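Participant: Shown below is the structure under consideration.
Just so it is clear, none of the values below were taken in a lab; they were calculated from the coordinates. The model shown is predicted, which means the values in this text are computed figures rather than measured ones. Neighbour counts run over all protein chains shown; Cβ positions are idealised from the backbone, glycine included.
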Amino acid sequence: MPKTNTPSIVFMGTPPFASGILQALVAMKYPIIGVVTAPDRRSGRGLTAQASAVKTTALEHNLPVLQPESLKDPLFLQTLSQWNAALFVVVAFRMLPKEVWQIPPMGCFNLHASLLPMYRGAAPINHALMEGETETGLTTFFIDDQIDTGDILLQERLLIEESDTAGTLHDKMMKAAGPLIAKTIDGLSNKTLRAVPQRIPSDTPLKTAPKITRETCRINWNRHPVDIVNHIRGLSPVPGAFTVWNKQKDNKNAATTELFIKIYRAQAEETTCTDTPGTVLIQNKNTLKVACQSGYVHILELQFPGKKKMAVDAFLAGFREEGLIKFESSL
């Protein structure tokens, strides 16, 4: 049976992060009366239509689904209004136009994977790790006509461990998000929760979290080893930080081959370094380290094009390259 004295809810989201939260809300018996998610997208060799993770979860629970190409489509807006939901809950979805977020009488709130106003934008988990943060969190807030600027409802702090990657932090946040959203719904329902405006700190620069691009993923070996390791952590396992090895062919007259190598785990060594940034040093068939500013980065897990991801000792056991190896330093 659905929870009593709880407003009817429309859930909006697309990726697995949102799907996990939808699953949690259903398990807690919140009255989800409909779901809005992205249209199916064709992918793979056969260009087969692929449903979003949220759609898959919704259909498993026999929830009606809307998949508008345009959030301003009149038919979509009409159907959404006719659902007569009291509250919209949004997790990892598109920016909503006013025509959508003004529909529900109790409002429309979003979950963001940072402690707003820090790390507004599309990739807060990645950027918090890339910046070397030791703490982050989750925020629920009312949506307005700008991105991630609305009044805050609730926040929950989460520690970032040195071993965390974007993947592990994603999972921690997904686990914590369900209860936080439930607490937000309950607070709005019983009128014990009051939204407060976001406060911009006067003594700390406001950090943002723009969308991750391919160039974001390129490793710059001219940086400090700790910064490089944080960069790798923030992009692991998806989409993955990469470096480029311009491999010289055996025939000196032949053109070099660019190998794009992904790196998933690494460790920083802060020490005096006289090697040119990007220079690769291999020691005892179990250590592969790359020179950078003020030290080295020890590669622990990597992937060559067309190969499986592997630990460095397994990779080096079969590595037969001789001579100087140097990765692009990305000046």
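Participant: What percent of all Cα-Cα pairs in region 9-189 falls into each 10 Å bin, going from 0 up to the bin containing the maximum distance?
Facilitator: All Cα pairs, binned at 10 Å, distribute as 9, 38, 37, 15, 2 percent.
Participant: Using 22 Å as the Cα-Cα cut-off, could you pick out the over-long pairs in 211/289; 29/191; 262/308; 285/307; 172/307; 29/211? Each step should come with its number before you reach the end.
Facilitator: Numbers: 211/289 29 Å; 29/191 20 Å; 262/308 11 Å; 285/307 19 Å; 172/307 29 Å; 29/211 34 Å.
Flagged as over cut-off: 211/289; 172/307; 29/211.
Participant: In nm, to one decimal, how far is the modelled label at residue 69 from the one at residue 50, with both set 7 Å along Cα→Cβ?
Facilitator: In this crude label model, residue 69 to residue 50 measures out at 2.1 nm.
Participant: Please give the peptides 273-283, 168-178 ranked by average Cβ packing (other Cβ atoms within 10 Å per residue), highest first, as a rough proxy for protection.
Facilitator: Details: 273-283: 15.2, 168-178: 19.1.
In descending order of packing, they fall as 168-178, 273-283.
Participant: About the Cα centre of region 9-189, how large is the charge dipole given +1 on each Lys and Arg Cβ and -1 on each Asp and Glu Cβ? Please answer in debye to the nearest 20. Don't skip to the answer; put the middle values down first.
Facilitator: Details: 13 positive and 18 negative charges, 125 e Å.
Using only the charged Cβ atoms, the result is roughly 600 debye.
Participant: Here is a further query. Would you compute, from DSSP H runs of 4+ residues alone, the mean residue ellipticity of the chain at 222 nm, taking -39500 (n - 2.57) per run and dividing by the full residue count, rounded to the nearest 500? Intermediate values should be presented prior to the final figure.
Facilitator: Working: 8 runs with 79 residues, N = 331.
Only helices count here, giving -7000 deg cm²/dmol.
Participant: Right, something else. Residues with beta-carbon under 11 Å from that of residue 229, excluding residue 229: net charge, scoring Lys, Arg +1 and Asp, Glu -1?
Facilitator: Working: positive: 223, 233, 265; negative: 162, 227, 269, 270.
Net charge in that neighbourhood comes out at -1.
Participant: Where the only charges are on Cβ atoms (+1 Lys, Arg; -1 Asp, Glu), what is the dipole of region 279-331 about its Cα centre, to the nearest 20 debye? Write out the running numbers ahead of the final one.
Facilitator: Working: 7 positive and 5 negative charges, 27 e Å.
Computed about the Cα centre, the dipole is about 140 debye.
Participant: So, with +1 on the Cβ of K and R and -1 on the Cβ of D and E, and no other charges, what is the size of the charge dipole of the chain about its Cα centre, to the nearest 20 debye? Write out the running numbers ahead of the final one.
Facilitator: Details: 35 positive and 31 negative charges, 152 e Å.
About 720 debye.
Participant: Sum up the charges of everything whose Cβ sits under 14 Å from the Cβ of residue 13, counting Lys and Arg as +1 and Asp and Glu as -1, but leave residue 13 out.
Facilitator: Values: positive: 55, 94; negative: none.
Here the charged neighbours net out to +2.
Participant: Turning to a different aspect of this structure: Which whole-number percentage describes the relative contact order of region 215-326, with Cα contacts under 8 Å and a sequence gap of 6 or more?
Facilitator: 25 percent
Participant: Moving on to the next point. Residue-wise, which Karplus ³J(HN,Hα) couplings in Hz belong to region 71-76, taking 6.51 cos²θ - 1.76 cosθ + 1.60, θ = phi - 60°, and x for glycine or proline?
Facilitator: Here the 3J(HN,Hα) series is 6, 9, 4, x, 5, 4 Hz.
Participant: Compute the signed sum of charges (Lys and Arg +1, Asp and Glu -1) over the other residues within less than 11 Å, Cβ to Cβ, of residue 319. Could you put the intermediate results ahead of the total?
Facilitator: Values: positive: 285, 320; negative: 313, 321, 322.
After counting each charged neighbour, the total is -1.
Participant: R0 = 30 Å: FRET efficiency of residue 134 with residue 214, Cβ-based, nearest 0.05?
Facilitator: Details: r = 28 Å, r/R0 = 0.93.
Calculated transfer efficiency: 0.60.
Participant: For residue 79 and residue 59, what is the calculated FRET efficiency with R₀ set at 25 Å and r taken between the beta-carbons, to the nearest 0.05?
Facilitator: Working: r = 17 Å, r/R0 = 0.69.
Between residue 79 and residue 59 the formula returns 0.90.
Participant: Based only on Cα atoms, what Rg/Rh ratio does the chain have, Rh being taken as Kirkwood's radius? Write down the numbers at each step before the final one.
Facilitator: Values: Rg = 23.5 Å, Rh = 22.2 Å.
Ratio of gyration radius to Kirkwood radius: 1.06.
Participant: Could you list which residues have their amide H under 5 Å from that of residue 154, counting only those 5 or more apart in sequence or on another chain, with H placed in the peptide plane?
Facilitator: 140
Participant: If you don't mind, another one. Have a look at 268, 317, 38 and tell me which one the Gaussian network model of the chain (Cα, springs below 10 Å) gives the largest fluctuation.
Facilitator: 317
Participant: With just the Cα atoms defining each centre, how far is region 126-162 from region 188-245? Give it in Å.
Facilitator: Cα centres, region 126-162 to region 188-245: 10 Å.
Participant: Need the full-extension length gain, residue 157 to residue 309, defined as separation in residues times 0.36 nm minus the C-alpha distance. One decimal, nm.
Facilitator: Numbers: separation 152, 0.36 × 152 = 54.72 nm, distance 3.26 nm.
Extending this stretch completely gives an extra 51.5 nm.
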